[in-house]
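Asks: The structure under discussion is supplied below as structure tokens; questions concerning it will follow.
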Amino acid sequence: MAFSKLKEVYTPQSSEEVVKLLKQHGHGALILGGGTFLHGLSARGLLPDVEALIDIQKLGLDYFTPSNGVVKTGASVTFTALEKQPELTKAPWLGVLKDALEYIPVQVKNMATVGGSLASSLPLFDLPVAFMTLKGSVVAAGPKGNRKISLDEFFKGQFENALQRGEFITEVLLPVPPRRTASAFLKNEKHANALAILNVGVSITLDKAGKCEEARVVFGGGVGDVPVRGRSCENALEGKRPNKELLKLASETVEADLNPISDHRASAKYRKAIAKVLVERAFETALQKLN
Amino acid sequence: MKKILNLQVNGETHEIAVNPADTLLHVLREGLGLIGTKRGCDSGGCGCCTVLVDGKAVYSCMLLALSAVGKSIVTIEGLSTDGKLDPLQEAFIKAGAVQCGFCVCGMIISSKGLLMENPHPKEAEIRQALSGNLCRCTGYHKIVEAVRIASAHS
């Protein structure tokens, strides 16, 4: 790993200690979650000044707690630990998380953490898209205390987010939706270790009449610097009964919301085409979970 | 500046000096001479550096050696007992699951991690557990078959 200046790896025992270390080392400090993306960052020359890694695995942030209508997930929960939560299998509304985790190799799942996947702020990752689909927020601890940031506002660009200097993510909050809600995730990739060419998370809530009360669509992968909401698709579904024809029509609208990149893995044209297919299939999968 | 740390590898404690940025892979190979763990892509993409840390398969190229202190590390060299190969290693030989051999240490360690948690996996579970390990020779069928053979004898 190309950390020419790295001198110390700290393992603080409290959030206060982390904040103190972040202040002490300023630009030279980096929070260490599972560490699976360290190499990716250092190989791109993005960590030239890092002199201190602050490992937050000893802070006790390894909980997954449903309480008062909110599911709280500690920042240090590994993907493997998250996958083993019974709620992920039982609750259709959490399907997008369960589906997204299935794509990730076990070696990464055993190390990577929920907080790390969000703080990395790379739109090519899968879990940020899943958490955003579920209207997730992060709690950031910092010198001025804790504050909540909606994931809709959190991602600011590739490797950029709304965290201020001295802040770090302590937990992710997911609001429990109405009972008839289900979600799903699909990803187009080359192999298990590849970043997404395009991925999509969808969530749908049905009312008593079986009409779509609320839909949510989030695209990741090569769609830009941050995950992108598929608002046209959401609008096309809301208030209507989601049958095969409507899903087809709604999926056609995603083109209006996407301005994907072209790179060595896929063209923008391909990404737009695959987005339609994936969003339609993802909604079909989500709806099957409600039957 | 180097740091002195104790790593528990294959049941033995090793005192070793490491740079803070050294990966576990680097320390295993260059520091302890355990070259059964291979350096392939060195970026968490191929799986041939897989080791068990506290019983779980991880990419040793992604893990800082400093983060492995206090944990139990098992490499391919640690699977045999009294010179006798692990049944999983025997199964890989029996199934003809080794060709060039570069990926095989990672394949076996990932398979070991799977069988420790799930002694009788279905084929889909085997393939899922090995999805983070690339093999350019075998086409994977014989590797999956080897894990099934080992599973049947456990």
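The values are calculated or read from the model by the stated rules, or taken from the named source; none is laboratory data. Since the model is a prediction, treat every value here as computed from it, not as a measurement. Cβ placement follows ideal geometry from the backbone for every residue including glycine, while neighbour counts extend to all protein chains displayed. To get the accessible areas, we keep the full protein, side chains included, count just its heavy atoms, and leave off ligands, DNA and RNA. Shrake-Rupley method; radii C 1.70, N 1.55, O 1.52, S 1.80 Å.
Asks: What's the number of the only condition in (1) assigned to a strand (DSSP E or B); (2) closer than 24 Å to residue A:175 by Cα that residue A:53 fails to meet?
Replies: (2)
Asks: I would also like to ask the following. If residue B:47 satisfies every condition in (1) facing chain A (nearest Cβ under 9 Å); (2) under 13 Å from residue A:107 (Cα atoms); (3) open to solvent by less than 30 Å² (accessible area, probe 1.4 Å); (4) not in a loop (DSSP other than H, G, I, E, B) but one, which is the exception?
Replies: (4)
Asks: Further, regarding this structure: Any idea how many residues of segment A:1-15 are among the β-branched types (Val, Ile, Thr) and open to solvent by less than 30 Å² (accessible area, probe 1.4 Å)? Steps first, please.
Replies: Start the filter on segment A:1-15 by keeping residues that are among the β-branched types (Val, Ile, Thr), which leaves A:9, A:11.
Still in the running and open to solvent by less than 30 Å² (accessible area, probe 1.4 Å): A:9.
Adding up the residues that qualify gives 1.
Asks: Being open to solvent by 30 Å² or more (accessible area, probe 1.4 Å) and facing chain A (nearest Cβ under 10 Å) is the filter; apply it to segment B:19-34 and report the residue that is nearest to residue A:53 (Cα to Cα).
Replies: Among them, the one singled out is B:19.
Asks: Looking only at segment B:72-81, how many residues end up being of a type outside the set (Val, Ile, Thr) and more than 15 Å from the chain's Cα centre (by Cα)?
Replies: Total satisfying the criteria: 0.
Asks: Going residue by residue through segment A:77-91, is there one that turns out to be in contact with a strand residue (DSSP E or B) (Cβ under 7 Å, 6 or more places away or on another chain), free of Cβ contacts under 8 Å to residues at least 40 places away in the same chain, open to solvent by 10 Å² or more (accessible area, probe 1.4 Å) and away from chain B (no Cβ under 14 Å)?
Replies: Yes, because at least one residue in segment A:77-91 is in contact with a strand residue (DSSP E or B) (Cβ under 7 Å, 6 or more places away or on another chain), free of Cβ contacts under 8 Å to residues at least 40 places away in the same chain, open to solvent by 10 Å² or more (accessible area, probe 1.4 Å) and away from chain B (no Cβ under 14 Å).
To keep it simple, each residue is scored yes or no on (1) within 14 Å of chain A (Cβ to nearest Cβ); (2) more than 17 Å from the chain's Cα centre (by Cα); (3) outside any loop (DSSP other than H, G, I, E, B).
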residue: B:17; (1), (2), (3): no, yes, yes
residue: B:36; (1), (2), (3): no, no, no
residue: B:39; (1), (2), (3): yes, no, no
residue: B:62; (1), (2), (3): yes, no, no
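Asks: Can you tell me which condition residue B:136 does not meet? The list is (1) within 14 Å of chain A (Cβ to nearest Cβ); (2) at pLDDT 95 or above, and all the others hold.
Replies: Exception for residue B:136: condition (2).
Asks: Please pick out the residue among A:241, A:271, A:265 that is at pLDDT 95 or above, open to solvent by 10 Å² or more (accessible area, probe 1.4 Å) and basic (Lys, Arg).
Replies: A:241
Asks: Something else about it: Can you tell me which residues in segment B:103-154 are assigned to a helix (DSSP H, G or I), surrounded by fewer than 17 Cβ atoms within 10 Å (Cβ to Cβ) and of a type in the set (Gly, Ala, Ser)?
Replies: Scanning segment B:103-154 gives B:124, B:152.
Asks: Can I ask one more? Quick check on my filter: what residues within segment B:64-81 are aliphatic (A, V, I, L, M) and open to solvent by 20 Å² or more (accessible area, probe 1.4 Å)?
Replies: Those that are aliphatic (A, V, I, L, M) and open to solvent by 20 Å² or more (accessible area, probe 1.4 Å): B:66, B:69, B:74, B:76.
Asks: For segment B:82-102, which positions are within 27 Å of residue B:7 (Cβ to Cβ), open to solvent by 30 Å² or more (accessible area, probe 1.4 Å) and within 16 Å of the chain's Cα centre (by Cα)?
Replies: Hits for segment B:82-102 are B:85, B:87, B:102.
Asks: Mind listing whichever residues of segment A:16-45 are surrounded by 15 or more Cβ atoms within 10 Å (Cβ to Cβ) and part of a loop (DSSP other than H, G, I, E, B)?
Replies: A:33, A:34, A:35, A:36, A:37
Asks: Exactly one condition in (1) among the charged types (D, E, K, R); (2) part of a loop (DSSP other than H, G, I, E, B); (3) closer than 30 Å to residue B:4 by Cα is not met by residue B:77; state its number.
Replies: (2)
Asks: From the residues in segment B:1-15 that are in a strand (DSSP E or B) and charged (D, E, K, R), which one is surrounded by the most Cβ atoms within 10 Å (Cβ to Cβ)?
Replies: The qualifying residue surrounded by the most Cβ atoms within 10 Å (Cβ to Cβ) is B:3.
Asks: For a quick check of your reading of the model, give me the residue pairs whose first member lies in segment A:124-146 and is at pLDDT below 95, whose second is among the aromatic types (Phe, Trp, Tyr), with beta-carbon atoms closer than 6 Å and at least 6 apart or on different chains.
Replies: none
Asks: Within segment B:74-84, is even one residue touching a Pro at 6+ places or on another chain (Cβ under 9 Å), closer than 30 Å to residue A:190 by Cα and at pLDDT 95 or above?
Replies: Scanning segment B:74-84 turns up no residue that is touching a Pro at 6+ places or on another chain (Cβ under 9 Å), closer than 30 Å to residue A:190 by Cα and at pLDDT 95 or above.
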